[in-house]
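Below is one structure, written out as structure tokens; the observations come after it.
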Amino acid sequence: MKPSLSHPLIHRTVLNNGIVVLVAENPAADIIAGRIFVRAGSCYERREQAGLAHLLSAVMTKGCDGLSSWEIAEQVESVGASLSTDAATDYFLLSLKTVTSDFPEILTLAGRMLRSPTFPEAQVELERRLALQDIRSQKEQPFTIAFSQMRQAIYQNHPYAMSVLGDEVTMGSLSRADLVQYHQTYFRPDNLVISIVGRITLADAVALVEQVFGDWQIPAQTLPLVNLPEIPVEPQHRMQPVQTQQSIVMLGYLGSSVSSPDYAPLKLLSTYLGNGLSSRLFVELREKRGLAYEVSAFYPTRLYPGSFVVYMGTAPENTSIALNGLRTEVDLLCTTEVSEIELQAAKNKILGQYALGKQTNGQIAQIYGWYETLGLGINFDQEFQELIASVSVKEAMAAACKYLQAPYVSLVGQEEAILSAEC
């Protein structure tokens, strides 16, 4: 075992089998939250198997090592605990929360599920059908259609082009054997981060993880290299006619990964443009001009280059005006400096929201485990705040000029309205 690294809040220990254990003692309440991350998100799937990580997360709680789906549920619910699994683009996640006295029992159960899932055939079929229903229902949601178009235009052959659910073709073709193969490939101790926060000491937490996971051996075969394609920037327009009462107008740009120096300026610009009722887009396009039913911007934190997206829901007759309005506001970032006062307001907003997102044991376990999984380390919590605080007006403008020039455009709405916006 490697010695722990110190941090004001959290300690990092690496077990002999490669598991990274993060522990923060918080005796305020008799609760412990755990997050177990596996580097096995949707970007580790082959294109023809898109949706595999999601399906695995849905089936993993349905049977393991001699326990049925009902027995797992009964064991968790009988002590009032929570245990769930999820898949994202960059990781697989198992989340749990218990009172302190029940944590050893539920962590042991989580270990059995992670190491020895049975993937019952009937449950695989059921969860695949439910996923297919979700995929079909999303085709009826204008925003989801617009974002799917945008994602595919920006990322092309990169896994980020696909929904975590995959599509009807890929999800419909997945088998139990695919789940077994994916699990055997990526679910291994040297690909695991376990983050624990609550009423437990560092020594007790590490000892418990050793007890549950310490005999898990690293397989002889090395982890496969993720060989992802380059993402060429080739702005294009995509339209999808839909009989709906509003148009979705969306602009997208290929941004940077979280490890890039440009990440913080872009994150700040996204907040300035479209986060909340005081944001630039909300004030200019909804409050002053009455164009928007909804308007926002987002720039998700990603291991690989993230997408910087602004969008608006508007009346069909305003589609063309809305498109021009969004373009104008983004273009201004490249030609007109954001004032010091406006930039500081955006910093205060993002840092305040960030602080509020670290109040519970679960939130703290999540953020530190996530940063470790992305390869950023436990100090990124402080580094992120310092990076945001130090962004200058000129750095923000430089990032806008570098990334936010020629947009990808995605339009969804009544055919006449979206065609007129393209003219």
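Only the coordinates and a few stated rules stand behind these numbers; no lab work does. If you're wondering where the values come from, they're calculated on a predicted model, not measured in any experiment. Methodologically, a virtual Cβ is constructed for each residue, glycine included, from the backbone with ideal geometry; neighbour enumeration extends over all protein chains shown.
Note on the chain: Cα convex hull, mean projected area over all directions, 21.2 nm². From the alpha carbon centroid of the stretch 122-158 to that of the stretch 248-284 is 24 Å.
Would the stretch 148-256 count as rounded, prolate or oblate if I go by the C-alpha gyration tensor, calling it rounded below 1.5 in a/c and otherwise prolate when a/b exceeds b/c, oblate otherwise?
Values: a/c = 2.45, a/b = 2.01, b/c = 1.22.
Prolate, because a/c is 1.5 or more and a/b exceeds b/c.
Here, the stretch 237-422 is characterised by an Rg to Rh ratio of 1.00, where Rg is the alpha-carbon radius of gyration and Rh the Kirkwood radius. Cα gyration tensor of the stretch 1-81, axes a ≥ b ≥ c as square roots of the eigenvalues: rounded (a/c below 1.5), prolate (a/b > b/c) or oblate? Judged from the Cα gyration tensor, the stretch 1-81 comes out oblate (a/c at least 1.5, b/c at or above a/b). Relative intensity of the stretch 243-304 on a log10 scale, I(q)/I(0) at q = 0.24, 0.29 Å⁻¹, equals -0.98, -1.19, per a Debye sum over C-alpha point scatterers of equal strength in the absence of solvent.
What net charge is computed for the residues neighbouring Gln138, neighbours being all others with C-beta under 13 Å from the C-beta of Gln138, Lys and Arg scored +1, Asp and Glu -1? Don't skip to the end; give the middle numbers.
Values: positive: Arg136, Lys139, Arg151; negative: Asp134, Glu140, Asp167, Glu168.
After counting each charged neighbour, the total is -1.
Over the stretch 2-213, Cα pairs under 8 Å with separation of 6+ residues give a relative contact order of 37 percent. Local charge for Phe282 was computed over the other residues whose Cβ lies under 10 Å away, with Lys and Arg +1 and Asp and Glu -1, and equals 0.
So for the stretch 2-213, Kirkwood radius off the Cα pairs, Stokes-Einstein at 10 °C and 1.306 mPa s: how many µm² s⁻¹? Once the numbers are plugged in, D ends up at 87 µm²/s.
How much length would be gained if the chain were fully extended between Gln221 and Gln382, taking 0.36 nm per residue of separation minus their Cα-Cα distance, in nm to one decimal?
Details: separation 161, 0.36 × 161 = 57.96 nm, distance 3.61 nm.
Result: 54.4 nm gained on full extension.
The stretch between Ser137 and Glu416, if pulled fully straight at 0.36 nm per residue, gains 98.0 nm over its current Cα-Cα span.
Which entries of Lys267/Lys347; Lys347/Lys394; Lys288/Lys394; Lys288/Lys347; Lys62/Lys139; Lys97/Lys267 have Cα-Cα distances beyond 19 Å here?
Over 19 Å apart, Cα to Cα: Lys288/Lys394; Lys288/Lys347; Lys62/Lys139; Lys97/Lys267.
Extension gain, Ser173 to Arg46: 0.36 nm times the residue separation minus the Cα-Cα distance gives 44.5 nm.
Helical runs (DSSP H, four residues minimum) scored at -39500 (n - 2.57) apiece and divided by the length of the chain put the mean residue ellipticity at 222 nm at -13000 deg cm²/dmol. Put a dot 7 Å past the Cα of Leu332, heading toward its Cβ, do the same for Gln181, and the two dots end up 5.3 nm apart.
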